[in-house]
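Only one structure is covered here, and it is reproduced in the block below.
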Amino acid sequence: MKTIRQLGLAALLLVACACNHTQKSPQVEGHYTYEHAFNYDLEGNHFDVSETGTMDFYADGTALDSARQVYVATMADGDTVTWVYNYISPSRWHLEGDTFFFAGIKDSFRMEVIEGGEEVADLPQRIAEMYKGSIEYEYQFHLDTLTAEKLQWSFTYRDGHSDMWQFYRK
């Protein structure tokens with residue numbers, strides 16, 4: 001028959017071993033890939049946008065969002081025009097519970113037309129300037145998923161529609 005002392009020692013060893021084998025919760029930091037699509041209307045024109053990019057989150061609270069954005073614009077007169085941007089947005093981030101705070105850094109932001117857009121005068125440049133003008137706004141995304149492979153956040157706009165982004169860790 002085991003003594004209370006032996007049982008206590010066995011219990012202590014069991015707890016110590018269990019503590020050493022606990023899994024750490026996934027961290028945000030890392031390199032991710034993503035694809036995303038959205039649309040909006042501006043100045044009587046409709047824009048369908050798709051982007052393919054990478055997102056790097058660093059432990060110091062900075063991030064780098066790099067994407068190839070393809071704009072297909074249906075102009076007010078019915079014509080369709082396509083152009084492509086190189087989108088580079090150094091950013092800041094932090095997480096509080098399930099709220100993911102994210103804002104771009106205006107002085108380092110770049111959004112440059114790399115293909116097309118000549119048919120619509122200065123519209124592609126005006127869109128890039130519009131983004132730059134609001135890039136430092138701090139969005140509060142809802143953190144939906146954070147695993148070793150995936151980060152997913154969502155946002156509900158003032159008009160009530162929601163959007164979701166899925167980032168896959170590489």
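The values are calculated or read from the model by the stated rules, or taken from the named source; none is laboratory data. Since we're looking at a predicted model, the values are computed, not measured. Reconstructed Cβ throughout: ideal geometry from the backbone, glycine too, with neighbour counts over all protein chains shown. Calculation scope for accessible area: heavy atoms of the full protein, side chains included, ligands and nucleic acids excluded. Shrake-Rupley method; radii C 1.70, N 1.55, O 1.52, S 1.80 Å.
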Percent of C-alpha pairs per 10 Å bin, the chain, short to long: 9, 30, 28, 14, 7, 5, 4, 2, 1, 0
Cα-centred dipole magnitude for the stretch 126-170, charges only on beta-carbon of K, R (+1) and D, E (-1), debye, nearest 20: 180
For the stretch 90-168: accessible area per residue (Å², 1.4 Å): 61
Among Ala63, Asn86, Ile135 the positive-end extreme of the charge dipole of the chain (Cβ point charges): Ala63
Segment His94-Ser25, extension gain: residue separation times 0.36 nm, minus the distance between their alpha carbons: 23.2 nm
Per-residue SASA entry for Thr82, accessible area with 1.4 Å probe, Å² rounded to 10: 70
In degrees, nearest ten, helix 123-134 long axis to first principal axis of the chain (Cα): 40
Solvent-accessible area, 1.4 Å probe, carbon plus sulfur percent, for the stretch 110-170: 50
Dipole magnitude of the chain about its Cα centre (Cβ charges: Lys, Arg +1; Asp, Glu -1), debye to nearest 20: 1620
Nearest 10 degrees, 0 to 90: helix 4-20 Cα axis against the chain principal axis: 20
